[in-house]
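Reviewing the structure listed below.
Readers should treat all values here as calculations from the given coordinates under stated rules, not as data from a laboratory. Remember, predicted model here, so these are calculated numbers, not experimental data. Methodologically, a virtual Cβ is constructed for each residue, glycine included, from the backbone with ideal geometry; neighbour enumeration extends over all protein chains shown.
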Amino acid sequence: MFTMVKAAELYPIREPQKESDDLQIPYQLVAGESVLFLGETRRGVISISNYRLYVTTPQGHINLPLGLIEQVDCQDLFFLNIYCKDGRYYRINFGSAAACDDWAKRI
């Protein structure tokens, strides 16, 4: 006997783990994408999906595919440094050292 199974049943979309209930996903999701974590930086919102890392800043936004990230480390307690395979470098400021460590582990 064969049973028909939809792809959506095999990979259900999970609810994101939010640091605060009033946070909203700041971008349009693509097909098959689900946000895993959603939190706050010093001046914006940070989210990790199964495809990308997205950070909003006062100057704009950062949209990085997860496969492009080469190295992540915490520096000076409140700063998360993200090094990319194409040579780009991003520094994200958090409100506490614990939040910085949590996001470094998640990425």
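When each of 27, 90, 54, 83 is tested for being part of a loop (DSSP other than H, G, I, E, B) and among the hydroxyl-bearing types (Ser, Thr, Tyr), the lone residue that passes is 27.
Reported count of residues in segment 45-104, each being over 22 Å from residue 14 (Cβ atoms) and not β-branched (Val, Ile, Thr), is 33. Taken over segment 1-19, residues that are under 15 Å from the mean Cα position of the chain (by Cα) and not charged (D, E, K, R) amount to 2.
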